[in-house]
Amino acid sequence: QVQLVESGGGLVQPGGSLRLSCAVSGNIFSINAMAWHRQAPGMQRELVAVINNIGATNYGDSAKGRFTIYRDNAKNTTYLQMNRLKPEDTAVYYCFATGYYYSDRGPEEFDYWGQGTQVTISS
């Protein structure tokens, strides 16, 4: 009923920029929080950034000052603008969204992860 589709990953040189996108589709009633997490090989998944339904944001320490999360509610899409990228930013980036969708029984809560998009920072 709900799908998250990420895009925008790739290979970038250190110091470069990337913008990730995550579009939520389906019979959506409302979306509450949307977030980006990342997981590097051999590491635990960590929070990168989160944005709630009124635009309040919070960032993991690694993202502060370099990354910006924002959302387009009309498109049910969140974006992660990543600047001044470092090799240690290399990871699979996962989108997460929570909210409500229309079911046969009315609005029901959902929380979904996307499949992830690879970001590689290397010269």
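Dipole of the stretch 19-118 computed with +1 at Lys/Arg Cβ and -1 at Asp/Glu Cβ about the Cα centre; of Asn73, Val24, Tyr59, farthest Cα towards the positive end is Tyr59.
When the accessible area of the chain is computed with all protein chains present and a 1.4 Å probe, what percentage of it is carbon and sulfur?
Of all accessible area on the chain, carbon and sulfur atoms account for 46 percent.
Rolling a 1.4 Å probe over the protein heavy atoms gives the stretch 1-51 an accessible area of 51 Å² per residue. The magnitude of the dipole of the stretch 1-105, with charges of +1 and -1 set on the Cβ of Lys/Arg and Asp/Glu and taken from the Cα centre, is near 160 debye.
Taking all Cα pairs closer than 8 Å and separated by 6 or more residues, the relative contact order of the stretch 34-123 comes to 26 percent. Okay, which of the stretch 54-96 sit inside 14 Å, backbone N to the point 7 Å along the Cα-Cβ direction of Gln39? Flagged as within label range: 91-96.
Mind checking the full-extension length gain between Ser30 and Arg105? Use 0.36 nm per residue of separation minus the Cα-Cα distance, one decimal, nm.
25.4 nm
Once you reduce the stretch 1-20 and the stretch 32-99 to the center of their Cα atoms, the two points are 10 Å from each other. Calculation over all alpha carbon pairs of the chain in 10 angstrom steps from 0 returns a P(r) of 14, 46, 29, 10, 2, 0 percent.
Where does each of 27-36, 12-21 land if you order them by average Cβ count within 10 Å, highest first?
On the way: 27-36: 18.6, 12-21: 15.3.
So the peptides 27-36, 12-21, ranked by packing, come out 27-36, 12-21.
The values are calculated or read from the model by the stated rules, or taken from the named source; none is laboratory data. Because the structure is a prediction, the values reported are computed rather than measured. Here Cβ is always computed from backbone atoms with ideal geometry, including for glycine, and neighbour counts include all displayed protein chains. These accessible areas exclude ligands, DNA and RNA; they are computed on the full protein's heavy atoms, side chains included. Shrake-Rupley method; radii C 1.70, N 1.55, O 1.52, S 1.80 Å.
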